[in-house]
Amino acid sequence: RGLDQTKRCRSSESICVQAREVVVVDEFRTSKKHFDCQTTDDLKNQRVMRKCRDGVVRKVPVHKVLHCLRKHGGCGKSVDRDVNAAKNILSILQNQLTGISEWPLRLRR
């Protein structure tokens, strides 16, 4: 069926079939570009002070949390990398479903 995917679910009396459309979305840069403020600069890893194995306290990056830097025109917020990527991917999907084929400039390769 092309892009259609069929899902079958059993109920007590019958079997229902639901068709779903699969849309391929390139996830390139979706976690590195801030969804809320639309800045063109990459988000930076949040840094925290941690005591390392050698006993020295250092600033270390937190991979899961990204920060939008104000000095580059950003909003100063810290965001979860996966949540931010999901919002950007949803935005791309909504554009594709409404017929806007133009890929957002900040997410292009």
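The values are calculated or read from the model by the stated rules, or taken from the named source; none is laboratory data. What you see is a predicted model, and the numbers here were worked out from it, not measured in a lab. Note: ideal-geometry Cβ built from the backbone for every residue, glycine included; neighbour counts use all protein chains shown.
Some points to look at:
- Count - residues of region 34-43 that are over 14 Å from residue 80 (Cβ atoms) and either loosely packed, with under 12 Cβ neighbours inside 10 Å or touching a residue at least 24 places away in the same chain (Cβ under 8 Å) (or both): 5
- Residue 81 vs. criteria surrounded by 14 or more Cβ atoms within 10 Å (Cβ to Cβ), modelled with pLDDT under 90 and of a type in the set (D, E, K, R): no
- Among the numbered conditions (1) modelled with pLDDT under 90; (2) surrounded by 10 or more Cβ atoms within 10 Å (Cβ to Cβ), the only one that residue 22 does not meet is (2).
- Here residue 90 passes the criteria (1) modelled with pLDDT of 90 or more; (2) of a type outside the set (Gly, Ala, Ser); (3) assigned to a loop (DSSP other than H, G, I, E, B) except the one numbered (3).
- Residue list for region 86-100, filter: of a type outside the set (A, V, I, L, M) and surrounded by 13 or more Cβ atoms within 10 Å (Cβ to Cβ): 87, 88, 91, 95, 96
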